[in-house]
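Worksheet for the structure shown next.
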Amino acid sequence: MSPLPKITRPLLRDEAYDRIRQAIIDGTLAPGTPLRDADLAEELGLSRAPVRQALLRLTGDGLVESKPQSYTRVAAIASDEVRDAVQLVRALHEFAVRQALPRLGTEQVAAMRAANERFAAAVGSGAVAAAIAADDELHDVPVRACGNHAVAATLDRYTPVLRRLEYARFSSLPAHRSVKRHTELIDAVEAGDAESAAAVTSKIWSDLEATLDTLATADTLETP
């Protein structure tokens, strides 16, 4: 039996990135929480170097904000960067649905319906992480079918920025509306109606942007 390979510094950096990012996304690290590399390194059992690298990457992702010699903290959920990401993601999903529609057959429609059933069950039980996973599976069907690698790569880049927003939406009562929206989308795909499918897709992501508006209003009201 060959020995296991040693964990390299890049892998430590990636592990730190994954752990901190997930804590930000699921709210364990709330918006505004100070992020001190020494504290995080101790908590994760790592040296400070991979943690610093992870924080730099998370800053580039828009999940962390930093001012030299002043602060490094979890970024606000309701920000211009997040709004930009929502609008871009909405446009790309609309494009993907339009392009994919001629390639979406019985098998793909069945996969979308199965994902929506899992989504509905997760929303009903309050399992937010499972709801987000099922939501991803549903929308990933047309993204894969459209065959545009640039669309898929851009969505991979910006979707994580929206995760905290999705946690806020799928933790609330309006999340149940997404089940209906998904059904409308799948019905339009099954009927081969590109215009309706694109319109429903736009509504789905506009609903997410409305969650952003709600959070921004709440932040304003809480500000002294």
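The values are calculated or read from the model by the stated rules, or taken from the named source; none is laboratory data. No experiment lies behind these values; they were computed from the predicted model shown. Virtual Cβ from ideal backbone geometry, glycine too; neighbours counted across all protein chains shown.
Are any residues in the range 169-197 surrounded by fewer than 19 Cβ atoms within 10 Å (Cβ to Cβ), touching a residue at least 40 places away in the same chain (Cβ under 8 Å) and within 27 Å of D213 (Cα to Cα), and if so, which ones?
Correct list: S171, H176, V179, T183.
Quick one: is G124 modelled with pLDDT under 90, surrounded by fewer than 21 Cβ atoms within 10 Å (Cβ to Cβ) and in the same structural domain as R163 (by TED's automatic domain parsing)?
yes
Looking only at the range 165-212, which residues are over 21 Å from L104 (Cα atoms) and in contact with a Pro (Cβ under 8 Å, 6 or more places away or on another chain)?
D207, T211
A110 is checked against (1) more than 15 Å from the chain's Cα centre (by Cα); (2) aliphatic (A, V, I, L, M); (3) modelled with pLDDT of 90 or more; (4) surrounded by 14 or more Cβ atoms within 10 Å (Cβ to Cβ) and fails just one. What number does that condition carry?
That leaves (4) as the condition not met.
What number of residues in the range 34-71 are of a type outside the set (D, E, K, R) and either in the same structural domain as A133 (by TED's automatic domain parsing) or loosely packed, with under 13 Cβ neighbours inside 10 Å (or both)?
8
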